[in-house]
Amino acid sequence: GPLLAGRGLVKAYGRTEALRGVSVELYAGEILAVTGASGSGKSTLAHCLSGIVRPDQGSVTYAGRRLEELPESRLSELRRTDFGVLFQFGQLVPELTALDNVALPLMLAGTDRRAARAAAGEWLERFGVRGQGELRPGEMSGGQAQRAALARALVTGPSVVFADEPTGALDSLAGEQVMSALVHTAREAGTAVLLITHDAQVAAYADREVRLRDGAVTSLEVTA
Ligand code: ADP
Ligand code: ADP
C-alpha cells in the first residue's frame, strides 16, 4: 500500500476553500508532482500531508498511522524523524557553514558533533558541494546552497521529503542539478518525494502528477 495517503481532505481558511475533498497516495521511492496555478491548494495539501495543518475533514495515513489521532508531541517527533522539507530558498541558517547546517539536524537528534559533521560531509560530497562545506549560505551560489539544503533535508534519513517549489529560485542548470539529486535519492534510498511545482519541466522529473484546480484534483497522470 501507499506510504502516505490523504483521503477526502477538506480545509477552509474562513470562506476560502483551500481543499475541497482531495485524495492522494504517495508510495516509497516515488516522486509525485503536485501542480496547479497559484492558490489552487498545493501548499495546503502538502501541509495537511506533513501534519503541519490539520484538515477540517478527511484523514492522513502515514505508515499505517492516522496523523489526526496522534497527539501534537508525537506528531512533531514524527515530522522530525520521518519527514524532510525543502523550500524554495532560505532554510539554511545564515550564520553557519554549509557543513554545520547539514550536521545540525543530526546534532539536534543527539549525534555528537564529530560524527554529525562526518555524515554531513558525505551528503555534501554526494551532491557535489563538499568543496563549499566551509562557506556560509550567502557565500554560495543559489544552486550550491539549495543542494546543501537538500543534504540537510536528507541527512536524518527521512522516509518522505516535501519539496515546495525547490527549484523556484534557481536558473535551469542549477534546477536540474537539484532535481537529479532528488531523483537519485528517491531511487537509491526509497525516499518518497512530494514535489510541489508549477514548472512543467520540473514536474517532468516526477513519476506521477496530480493537478489541482481551486482545491480539487483535476487530473492524475503518469509522467514517467
Ligand atoms: P504558494 O503559492 O507557494 O503557496 P503563497 O504566497 O500562496 O505561496 O502562500 C505562502 C504561504 O502563506 C502558504 O503556504 C500559506 O500557508 C500562507 N498563506 C497563503 N495565503 C494566505 C492568506 N490569504 N492569509 C494568510 N496566509 C496565507
Ligand atoms: P498554492 O500552494 O497552490 O498557491 P495554497 O495552498 O497556498 O495554494 O492556497 C490555497 C488557497 O488558500 C489560497 O486562496 C490561499 O490564499 C488560501 N490560504 C492558504 N493558506 C492560508 C492561510 N494560512 N490563511 C488564509 N488563507 C490561506
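Each value in this text was obtained by applying a stated rule to the coordinates, not by laboratory testing. Because the structure is predicted, anything quoted here is derived from the model rather than measured. Ideal geometry is used to build each Cβ from the backbone, glycine not excepted, and the neighbour counts take in all protein chains shown.
Available extension along the chain between ARG54 and GLN88 is 9.9 nm, counting 0.36 nm per residue and deducting the alpha carbon span. Stretching ALA204 away from GLU221 to a fully extended chain increases their span by 5.0 nm, per 0.36 nm per residue minus the current alpha-carbon distance.
Less than 5 angstrom separates the built amide H of LEU212 from those of THR35, GLY36, THR218, all sequence-distant by 5 or more or on a different chain.
Hand me the GluC sites (Glu not before Pro) from region 119-197 located in a DSSP loop with no more than 13 other Cβ atoms within 10 Å, in residue order please. Don't skip to the answer; put the middle values down first.
Working: sites: GLU122, GLU125, GLU134, GLU139, GLU176, GLU188; in loops: GLU134.
Those satisfying the criteria are GLU134.
Amide H contacts under 5 Å for VAL161: GLY84, ALA192, VAL193, LEU194, restricted to partners 5 or more places along the chain or on a different chain, H placed in the peptide plane at 1.01 Å from N. For the chain, take the longest principal axis of its alpha carbons; what is the angle in degrees between that and the long axis of helix 142-154, to the nearest 10 within 0 to 90? Long axis of 142-154 versus the principal axis of the chain: about 70 degrees. With R₀ fixed at 45 Å, the C-beta to C-beta distance from GLU77 to GLU176 puts the FRET efficiency at about 0.80.
Between ALA37 and TYR13, 0.36 nm times their residue separation minus their Cα-Cα distance comes to what?
Here the answer is 6.8 nm.
For the chain, the 222 nm mean residue ellipticity estimated from helices alone, with every DSSP H stretch of n ≥ 4 adding -39500 (n - 2.57) and the total spread over all residues, rounds to -11000 deg cm²/dmol. No solvent, one uniform scatterer per C-alpha: report log10 I(q)/I(0) for the chain via the Debye equation at q = 0.13 1/Å, two decimals. The calculated log intensity ratios at q = 0.13 Å⁻¹ are -0.74. Taking 7 Å steps out from each Cα toward its Cβ at ARG213 and TYR27 produces label points 2.7 nm apart.
For region 115-121, the Karplus equation 6.51 cos²θ - 1.76 cosθ + 1.60, evaluated at θ = phi - 60°, returns couplings of 5, 5, 5, 5, 5, 4, x Hz by residue, with Gly and Pro reported as x. Evaluating 6.51 cos²θ - 1.76 cosθ + 1.60 at θ = phi - 60° for every residue in region 166-174, the Karplus couplings come out as x, 10, x, 9, 10, 6, 5, 5, 4 Hz, glycine and proline recorded as x.
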